[in-house]
Amino acid sequence: MIELPSAYFDLDRILETGISKIVVGMNDLTSFIFATVRNSQWHDMESPIMLDMLRQMQDKARKNKIDFAVAGYLNTSFIQKMNQMGIECILHYSSIPEIFDLEIDHPDHLKHIKEESKKLQRRTYDTSRNVECLQENQSLYRR
């Protein structure tokens, strides 16, 4: 997992170890790059700097024929940009109600979503399939 600027700058040597997937921890990497905390005005995962870093890491992953994804507390705008770039998104389950503008229907919904997400992750790495599955299960939510 690439969460520190030092890991980004040392990615070539990390790739030499034979890893099979790069996962970028967007919240921490963005915090360290901009020396800020989450939810501040300076914590911008969509900044040209962060997007350029992602493109460079994605290119290295493709060149080495390994999987590449971003993970974290992601918002809809960022997810759309990642989809345009062909980058898989791994969402933190607590972000799902906000992303889909859903209200909590019962107190254990996050636990249920986490369990379902883990099942999906075992079966597929396709972000769009994960979104379809969540939409199919909207009966657990009310708008």
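The values are calculated or read from the model by the stated rules, or taken from the named source; none is laboratory data. Please read these numbers as outputs of a predicted model, since none were measured by experiment. When we count neighbours, we look across all protein chains shown, and the Cβ atoms used for this are built from the backbone with ideal geometry, even at glycine. Note: areas computed on protein heavy atoms with side chains; ligands, DNA, RNA excluded. Shrake-Rupley method; radii C 1.70, N 1.55, O 1.52, S 1.80 Å.
Below are the figures for this structure:
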{"quantity": "Listed residues Thr17, Thr36 arranged by accessible area, highest first, probe 1.4 Å", "calculated": "Thr17, Thr36"}
{"quantity": "Surrounding net charge for Met85, when Lys and Arg each add one and Asp and Glu each subtract one, Cβ distance under 15 Å", "calculated": "-1"}
{"quantity": "Entries of Lys81/Lys118; Lys63/Lys111; Lys65/Lys118 with Cα pairs more than 27 Å apart", "calculated": "Lys63/Lys111"}
{"quantity": "Volume per residue that the Cα convex hull of segment 1-92 spans, once the total is divided by residue count, Å³", "calculated": "85"}
{"quantity": "In sequence order, calculated HN-Hα J values of segment 47-63 (Karplus, 6.51, -1.76, 1.60; Hz; x Gly/Pro)", "calculated": "5, x, 5, 5, 5, 5, 4, 5, 4, 5, 5, 4, 4, 5, 5, 4, 4"}
{"quantity": "Heavy-atom accessible surface of segment 1-53: percent carbon and sulfur, 1.4 Å", "calculated": "56"}
{"quantity": "Residue-span extension gain [Lys114 to Lys63] - 0.36 nm each, minus C-alpha spacing", "calculated": "15.1 nm"}
